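Note sheet for the following structure.
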Amino acid sequence: ILRASYSRDGQNHLNEAEVDVESVILRVTPTTYQDCARGLHRILELAHLMTREMERRVHKKGRLARDKQVAMHAQKAANRPPLCLGESEDEGDHSGGSKYDVETLKDSSMLLKVRAKGATILFWAQRRGSKVHAPAAAVVQVVSNALCMFQSVENPDGSGGNTIHISLDNLAASINTVFEPVSLSKIPPIFGPIASEVRVVYATVNQGRIVSRDVSVDCDTILSCMSPNDIKFIFNITRKMMERVRNVRNLPDNGTTAPKHSFVSSFIQPFRKGSGIVTTVRLELQTLSLILLRDHSSSNRARELFDFTASKVKAKCDGCISAMSGEG
């Protein structure tokens with residue numbers, strides 16, 4: 001089910017668009033990793049272009065409206081009769097309170113929201129080196145409710161800010177043997193459920209030039225309970241997906257091979273645009289619990305091998321993305 005709405009307040013220069021998606025299921029197999037990565041890359045590119053065009057039009061209309069308001073004031077001031085001898089400016093204002101105040105100019109704003117309720121991603125892959133009692137193939141299921149929001153504001157003096165907000169609710173992952181969504185009440189999750197928020201705030205001047213960036217990550221509770229086999233299986237799937245994504249991203253239009261980057265440089269590469277600006281990264285975690293189970297047979301119950309717990313974790317890093325990736 002897909003629902004979309006759009007509202008516009010021309011007087012206050014406010015534009016808002018909302019998209020609601022329910023019950024989305026994405027099935028990924030080893031042969032479709034690269035196709036899914038390419039399709040997701042194209043979707044993000046299209047969403048970026050559409051958002052930038054909406055942002056440009058909204059702020060352009062806001063600037064024209066403010067310029068018109070300033071021009072009307074200038075015209076009223078030119079047509080205002082001259083002051084009499086001994087009369088102050090306030091007493092001589094006969095134009096019905098047309099005294100100009102910069103605070104009366106309104107900023108322009110755009111808000112875009114995308115909600116996904118009950119989004120499910122299924123990753124199917126073969127288990128390598130599994131024991132006799134373990135299935136030859138397994139499916140990693142990731143379920144979450146997601147909210148993605150983008151807001152752009154431009155003030156009358158040309159300053160403003162852009163905000164990207166991503167919120168994940170009831171994020172959980174589990175491993176099963178069927179290539180269909182399975183309720184978490186039937187199969188205990190190996191990760192979650194957790195709630196997490198990521199917010200990126202850009203400060204801008206001169207009608208859109210970015211001068212600083214603030215990244216904050218806030219996690220309520222992270223719970224994970226898995227065995228070494230589960231960790232190895234998930235690591236193999238993640239490695240294959242990263243390889244496919246890297247191949248799609250590093251393939252130029254002329255078909256030649258692009259230069260390879262280090263792991264940190266490849267991870268930071270999507271943020272390279274404006275990488276010389278001041279960046280602040282904040283991390284806050286309320287509770288962290290990691291439990292490692294022993295590998296067990298079907299006749300024995302799993303026992304804990306390692307248990308790690310932490311609470312009230314906070315971290316902060318200041319610098320530039322170019323310096324973090326070894327370029328500065």
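Can residue 218 be described as at pLDDT below 85 and surrounded by 15 or more Cβ atoms within 10 Å (Cβ to Cβ)? Against the criterion (at pLDDT below 85 and surrounded by 15 or more Cβ atoms within 10 Å (Cβ to Cβ)), residue 218 does not qualify. Here residue 9 clears all of (1) under 13 Å from residue 111 (Cα atoms); (2) touching a residue at least 60 places away in the same chain (Cβ under 8 Å); (3) not small (Gly, Ala, Ser) except the condition numbered (2). Scanning the stretch 301-328 for residues that are in contact with a Lys or Arg (Cβ under 9 Å, 6 or more places away or on another chain), open to solvent by 70 Å² or more (accessible area, probe 1.4 Å) and modelled with pLDDT under 85 yields 303, 304, 305, 327. A search for C-beta distances below 6 Å between a residue of the stretch 59-82 that is farther than 23 Å from residue 16 by Cα and in contact (Cβ under 8 Å) with a residue 12 or more places away in the chain and any residue that is open to solvent by less than 60 Å² (accessible area, probe 1.4 Å) and not in a helix (DSSP H, G or I), counting only pairs 6+ apart in sequence or on different chains, returns 76/95; 76/98; 80/95. Taken across the stretch 95-108, residues that are at pLDDT 80 or above and part of a strand (DSSP E or B) do occur, with at least one present.
The residue that is farthest from the chain's Cα centre (by Cα), among those in the stretch 25-49 that are open to solvent by less than 60 Å² (accessible area, probe 1.4 Å) and of a type in the set (A, V, I, L, M, F, W, C), is 28. For residue 230, the criteria (1) in a strand (DSSP E or B); (2) open to solvent by less than 40 Å² (accessible area, probe 1.4 Å) hold in every case but one, which is (1).
The values are calculated or read from the model by the stated rules, or taken from the named source; none is laboratory data. Computed from a predicted model, the values in this text were never measured in an experiment. Virtual Cβ from ideal backbone geometry, glycine too; neighbours counted across all protein chains shown. For accessibility, only protein heavy atoms count, side chains too; no ligands or nucleic acids. Shrake-Rupley method; radii C 1.70, N 1.55, O 1.52, S 1.80 Å.
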